[in-house]
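Reading through the C-alpha cells given below for one structure.
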Amino acid sequence: MEMNRRTLLSMLAALPAANLISFSSASAAGVDGGNLVVGLRTSEPRHLNPAVTTVGGVQLIGANIYSALTRFDANGTPIPDLAQSWDISTDGLTYTFHLAPNVKWHDGKPFTSADVKFSFEEVLLPLHPVGKVNFSAIDTITTPDDNTVVFRLKYAYAPFISLLEVRHATILPEHIYQGTDIMQNPANTQPIGTGPFKLAEWSKGNFLRLSRNENYFKPGKPHLDELVFVIIPDTNTMVAAMEANQIDFAPLGVSFDLVDTLKERLGPEGWVIGTAAYLFRGTGSILMNLDDPILSKLPVRQAIASLIRKDEILSTVRKGVGKIADNPISWYIPNTETGVSYSVDAAKANALLDAGGLPKKNDGFRFSLSIVVSTGWAEYEPIASLARDWLREAGINLEIQKMDEAAAIDKMFTARSFQLGLCNPSFGPDPAIMAKGFTSDAIGKGAYTNGMGYKNPTVDALFAEGVRQVAPQERHKTYQKIVRTVMTDLPVIPLYEDDFAYAYRKAFIGLPPGGTHRDSYEDVAKAV
Amino acid sequence: MLKRQALLRLAIAFLRRALSVVGLLWAIVTLSFLLIHLAPGDPISSFVGENGGASPEFIAKMRLEYGLDQPLIVQYGHYLAKLAVGDLGYSIRFQMPVWDLFAERLPGTLLLLLSSIIVFSIVGTLAGIYSAVNEGSVVDTLLRLFVVLCFSLPVFWLAQLLIYGLAVKVAVFPVMGMRSLFVSGGVLGRFLDVAWHLILPATVLGTWHMAVTQRFVRTSLLQVLQEDYIRTARAKGLTNRRVLYHHALRNALLPVITITGISFGTMLTGATLTEIVFNWPGLGRLILDAVLGRDRPLLIGLLLISSVLTIVVDALTSVVQSLLDPRTRIGGTAG
C-alpha cells in the first residue's frame, strides 16, 4: 500500500495542485472515488453517538454518519443540512424549519420531522452534557407535517441558530432509539444515521472505516468511496505516519510548534500545512484569582497586564500561530473596540505597585505569586518562563507550579486554590457563551467557568440582556459594553487566539472540511 | 504416612503463598485508592475539562451516578465488595466496564509481550552460547559490545529510530498499528499482516531482554564449562558437541528461566512505551490515560492485572525451575 501511494503521490505532485484551503465544493476540480485516511490525535471513541457526548473523536467521526438541521460554513454561518431552509419570526420566538425531502436513514427508513422532535426532547435535552444549557429556551416543538418542524422559544435566544449543527444537535432515528435505554442502545456503536458515510468496519484500537452512503440526500455527494479514521495519540507517531504517507489528513493535534518542521519536511513531499482559527474560539489567557489578597487589588492586576508582551508570546512561543487577543471574545469584538488597553510599560507597573503600598523589599522583590501551568499544553511552560522574567522587572517573584491537566482544572475552576493560572477557555461560536466564564453564578462551577471569582452585577445584567437580543447590531453593542467593563475590571489577561494547525496531502481538495473542521467530509475529493 | 505428611506440607506451603499473594493485592488496591485520591482533580472534572465543559447539573448527575459524592471510606468499601465478586468497576473516562476494556486490549499486549519474550530469549540464548563457546574471539567481543549498547538504549528512542529508518525513510515495515487497512489473502493474509506489524515493536521491546539473556547465558555457560564433571566428560573422550549439548547446556540454561521471569516485569513497563509509540492496541496507553483522567477503577484494575500477571509468571518460573532442577524441587532436600 505504501509503495503504491508513494508513486501516486509523486505523480500527483507533478500536476498543478488545486489546493483550496477554504471550504469549497469539489465538483469543479475533483474526481469521484478514492479513499481518505485521517489521523486523529484523540483517544479512541467508545461509541459514535454525538448526541450524548462532547468527546472530540466521537464528534469528528459522527459528523460523517449523522446529520443535523444545519451545519457551518467556513465563517461560522449556519447553512442548510437536514433543514433546507428556515424562517425566524421577527420577535425571535418561532423558528420554522423546512426539512429536505426524501431523506432516508442508512437502513432505508424515511427521515421525518418526528425524528427531530424525538432527538431534541428525549435525547439532547436530557442526555447531552450541555443539552439543557443550550436548549432550555425551547418551549414547544411541533411537527405540522413530515417535512416541517416548528420550535417555539420561551424567550428570544440569539445563540439558538448556532447550536443546531451535528456537534450540539445530532438528529437520531426515532425508530431505533424510541423506547430503549438510549445510553445502552447498540446503535451507539453500530450507528444508523442520515449522513454521507456509513460505518463499514471498526477494528478496535486500529481504525474505523466508513463507506459512502449511496442514498445520501445531497446529489453528487459524497465524492470519496471510503473514509478511514486512524487513532494516533502520539505526536511522533502521527508525524511518522504523515511522512510515510500512511495518512492523508491530520485535522487536530498538529501542534503549532511542529508547523515549521512539518513545512520543511513535508512541504516538498506534497503536503499542505495550514493554520486556521478554530470556530469554537479558544483564547489563551492568564486567569487571576480575585479572592487572593494581593490580586484583589486592581493596581496589581493592571501592573501585571503592563508587563506581559503578547507579541513576543505569539512570535516566540506560538511560532506565529494565532493572533493577539485583547479581550476574551476578540473574534467577535475586535481588539480595537476593547476600549481599554494595557501597553507594555515596566515603569508604569512599578509606579502602580509603589502607589499601591507594595514597596520593594531588600531582596528586590515586592511579593511572590504562583502560576498554575498545565503540562497538557505545550505553550504554557514557555509562556510562564517568559512571564517570570517580565514580572521580575517590577519586583514580582513568579513561582511556576506545573501539574497535569486534571489537577490544573481542579485548582483553577473547582477548588479555586490558585493565584495566577494559564488556561484556554472557548467562548464560541456565539458570544453569549462568554457568560459561563464571567457571571457571578458561575463561580467555582467546574471546568472553564468563573475561576477568577469575578462578580459584577452590571455585567451579569448585560449578559442576560445580550442572550435575548436578536438584532445583530444591538447584540454587538451589548457585548462591546461587556468587554469594556470586563477589561477595565481586569480579572483576566487574554493573550492570543488559539489558532490551530492542520496538514493534508495536496492530492485532496475540500480539506479541511467546514468551519469547525469537525464537519462532514462530503465535499472532499481527490484532486484531478 | 510420609506421603501424607509431604502432601500436608505442600498444602500449607501453597496456602501461605496464596495468602501472601492476596495480601499483596489488597495492599496494592488500597494504596492506589489512596494515592489517586490525593492527587488534585477528580475523574469527572478531568473528563469534562477534556471535552470542553458541561453544565453543573450534568456534572452533579455524573457524580451521583459514579458514587463520587459519598465519603471515601464508603467508596472504598463498595469497591472492595465488588472486587470480591470479580467486578472491576466502570471506567468513567472510557465509559465502559473495566473488564470489557481489558478483554479488548489485553490480547494485544500479550501478543506483543509473549512473542517478544520467546523470540528474543531464543536469540539471546543462542548468542550467549556462541559467545561462550568462542570466548575471546572477534565475534565474541563484538557481541559483547553490541549487548552493552542494547542495554543502554532507551526503549522510546530505539522505537523512534527504527520507525524512522525502517518505516519512513525506507518503507519496509509499517509505521504503526497492528493491522493494515486493506488486507487480502483470507485468514493467512491477516495472520501475516499482523506478524509483519509485530516485528518492529517486538524488536524494540525484546532488545533489552535479549541483551540480559546473552550475558547471563555466556557467563553461566563459561562457569559450567569449568566444572569438574565437564572435565571428566572430556576426559572420558566425549566430543565437544556432546559435552556441550548433553551436559553443559542443561545446567547453564537454568538461569534463563529465572531471568525471563524477572524480565517480564520490566518488559511490561517497556510494553507501555512501545505500544504508545507504535500505536499498538494494547493495555499500554491505558495506564497513562487512567492516571491523567484520575480514573480510579481503571487504574486499580490495570495495576491488579499487572500484579497478577507478574505473580503468575513468577510462580510459573518457580514451577518450571523446580521441574528442571532437582536441587530446587519442592519438598526436596534443598527445600
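Considering only the range A:508-528, how many residues are surrounded by 23 or more Cβ atoms within 10 Å (Cβ to Cβ), in a loop (DSSP other than H, G, I, E, B) and over 15 Å from the mean Cα position of the chain (by Cα)?
Residues flagged as surrounded by 23 or more Cβ atoms within 10 Å (Cβ to Cβ), in a loop (DSSP other than H, G, I, E, B) and over 15 Å from the mean Cα position of the chain (by Cα) within the range A:508-528 amount to 7.
Just the residues that are farther than 27 Å from B:G177 by Cα and not hydroxyl-bearing (S, T, Y), please, taken from the range A:37-74. Show your work before the answer.
Filtering the range A:37-74 for residues farther than 27 Å from B:G177 by Cα gives A:51-52, A:66-74.
Across the range A:37-74, the qualifying residues are A:A51, A:V52, A:A68, A:L69, A:R71, A:F72, A:D73, A:A74.
Wholly within the range A:241-292, which strands (runs of 3 or more DSSP E) include no fewer than the required count, namely at least 2 residues that are more than 19 Å from A:A325 (Cβ to Cβ)?
On the way: elements: A:249-254, A:271-276, A:283-288.
Output list reads A:249-254, A:271-276.
Report, by residue number, each residue of the range B:172-185 that is at pLDDT below 85 and either more than 19 Å from A:E243 (Cα to Cα) or more than 7 Å from chain A (Cβ to nearest Cβ) (or both).
B:F182, B:V183, B:S184, B:G185
May I ask you to list the residues in the range A:352-377 that are assigned to a loop (DSSP other than H, G, I, E, B), surrounded by fewer than 16 Cβ atoms within 10 Å (Cβ to Cβ) and in contact with a Leu (Cβ under 9 Å, 6 or more places away or on another chain)?
A:P359, A:K360
Within the range B:248-291, take every residue that is modelled with pLDDT under 85 and among the charged types (D, E, K, R) and give me the one that is farthest from the chain's Cα centre (by Cα).
The residue in question is B:R250.
Give all pairs with beta carbons closer than 6 Å in which a residue from the range B:233-258 that is among the polar types (S, T, N, Q) meets a residue that is surrounded by 18 or more Cβ atoms within 10 Å (Cβ to Cβ); count only pairs at least 6 apart in sequence or on separate chains.
Every condition considered, the pairs that remain are B:N251/B:V224.
Only one of A:S385, A:S426 is modelled with pLDDT of 95 or more and among the small types (G, A, S). Can you tell me which? Before you say what the answer is, go through the steps one by one.
On the way: A:S426 fails: modelled with pLDDT of 95 or more.
Just a single option satisfies the conditions, and that option is A:S385.
Does B:A202 meet the test of being surrounded by fewer than 21 Cβ atoms within 10 Å (Cβ to Cβ), small (G, A, S) and either modelled with pLDDT of 80 or more or under 29 Å from the mean Cα position of the chain (by Cα) (or both)?
So B:A202 does not fit the description; no.
Restricting attention to the range A:131-158, and to residues there that are in a helix (DSSP H, G or I) and either touching a Gly at 6+ places or on another chain (Cβ under 9 Å) or buried (at least 18 other Cβ atoms within 10 Å of the Cβ) (or both), which single residue is farthest from the other protein chains (Cβ to nearest Cβ)?
Applying the filter and picking the extreme gives A:A158.
From the list A:D225, A:D248, A:D257, exactly one residue is of a type in the set (D, E, K, R), touching a residue at least 60 places away in the same chain (Cβ under 8 Å) and away from every other protein chain (no Cβ under 14 Å). Which is it?
From the options A:D225, A:D248, A:D257, the qualifying one is A:D257.
Take B:P107 and tell me if it is of a type outside the set (A, V, I, L, M, F, W, C) and within 14 Å of chain A (Cβ to nearest Cβ).
So B:P107 fits the description; yes.
Would you mind stating whether B:V217 is in a helix (DSSP H, G or I), touching a residue at least 24 places away in the same chain (Cβ under 8 Å), surrounded by 15 or more Cβ atoms within 10 Å (Cβ to Cβ) and in contact with a Leu (Cβ under 9 Å, 6 or more places away or on another chain)?
yes
Select from the range A:425-444 the residues that are among the acidic types (D, E) and within 12 Å of chain B (Cβ to nearest Cβ) and list them in ascending order.
If we filter the range A:425-444 for residues that are among the acidic types (D, E), which is where we start, we get A:430, A:441.
A:D441, the sole residue that qualifies.
Would a scan of the range B:275-286 turn up a residue that is touching a helix residue (DSSP H, G or I) at 6+ places or on another chain (Cβ under 6 Å), part of a helix (DSSP H, G or I) and among the acidic types (D, E)?
yes
Any residue in the range A:401-419 that's more than 19 Å from A:L369 (Cα to Cα): show its pairings with residues that are part of a loop (DSSP other than H, G, I, E, B) at Cβ separation under 7 Å, as long as the two are six or more apart or on different chains.
Taking only residues 6 or more apart or on different chains, the pairs are A:D404/A:T375; A:D404/A:G376; A:E405/A:G376; A:A406/B:G41; A:A406/B:G293; A:A406/B:R294; A:T414/A:G444; A:T414/A:G446.
Looking at (1) modelled with pLDDT of 80 or more; (2) in contact with a Lys or Arg (Cβ under 6 Å, 6 or more places away or on another chain), which is the one condition that is false for B:S322?
All conditions pass for B:S322, except number (1).
Answer with yes or no whether A:A349 is in contact (Cβ under 8 Å) with a residue 40 or more places away in the chain, assigned to a helix (DSSP H, G or I), in contact with a helix residue (DSSP H, G or I) (Cβ under 8 Å, 6 or more places away or on another chain) and crowded, with 23+ Cβ neighbours inside 10 Å.
Criteria met by A:A349.
Quick check on B:G23: is it of a type in the set (G, A, S), closer than 21 Å to B:L302 by Cα, outside any helix (DSSP H, G or I) and modelled with pLDDT of 85 or more?
It is false that B:G23 is of a type in the set (G, A, S), closer than 21 Å to B:L302 by Cα, outside any helix (DSSP H, G or I) and modelled with pLDDT of 85 or more.
Restricting the search to the range A:79-100, which residues are surrounded by fewer than 21 Cβ atoms within 10 Å (Cβ to Cβ) and either within 27 Å of A:I182 (Cα to Cα) or touching a strand residue (DSSP E or B) at 6+ places or on another chain (Cβ under 7 Å) (or both)?
A:I79, A:P80, A:Q84, A:S85, A:W86, A:D87, A:I88, A:L93, A:T94, A:T96, A:H98, A:A100
Report every pair of residues separated by at least 6 positions or lying on different chains whose Cβ atoms are under 9 Å apart, first residue within the range A:178-207 and within 14 Å of chain B (Cβ to nearest Cβ) and surrounded by 14 or more Cβ atoms within 10 Å (Cβ to Cβ), second part of a helix (DSSP H, G or I) and of a type in the set (F, W, Y).
Pairs found: A:N185/A:Y177.
Scan (1) surrounded by fewer than 17 Cβ atoms within 10 Å (Cβ to Cβ); (2) under 25 Å from B:G261 (Cα atoms); (3) without any contact (Cβ under 8 Å) to a residue 60 or more places away in the chain; (4) of a type in the set (A, V, I, L, M, F, W, C) for the single condition B:L158 breaks and write down its number.
Single failed check for B:L158: (1).
Only one residue in B:I300, B:I311 is of a type in the set (V, I, T), crowded, with 19+ Cβ neighbours inside 10 Å and outside the structural domain of B:L166 (by TED's automatic domain parsing). Which one? Talk me through it step by step, then tell me what you get.
On the way: B:I311 fails: crowded, with 19+ Cβ neighbours inside 10 Å.
Being of a type in the set (V, I, T), crowded, with 19+ Cβ neighbours inside 10 Å and outside the structural domain of B:L166 (by TED's automatic domain parsing) holds for just one of B:I300, B:I311, which is B:I300.
The values are calculated or read from the model by the stated rules, or taken from the named source; none is laboratory data. This structure is a prediction, so every number in the text was calculated from the model and none was measured. In this analysis, Cβ positions are derived from the backbone assuming ideal geometry, glycine residues included, and neighbour counts consider all displayed protein chains.
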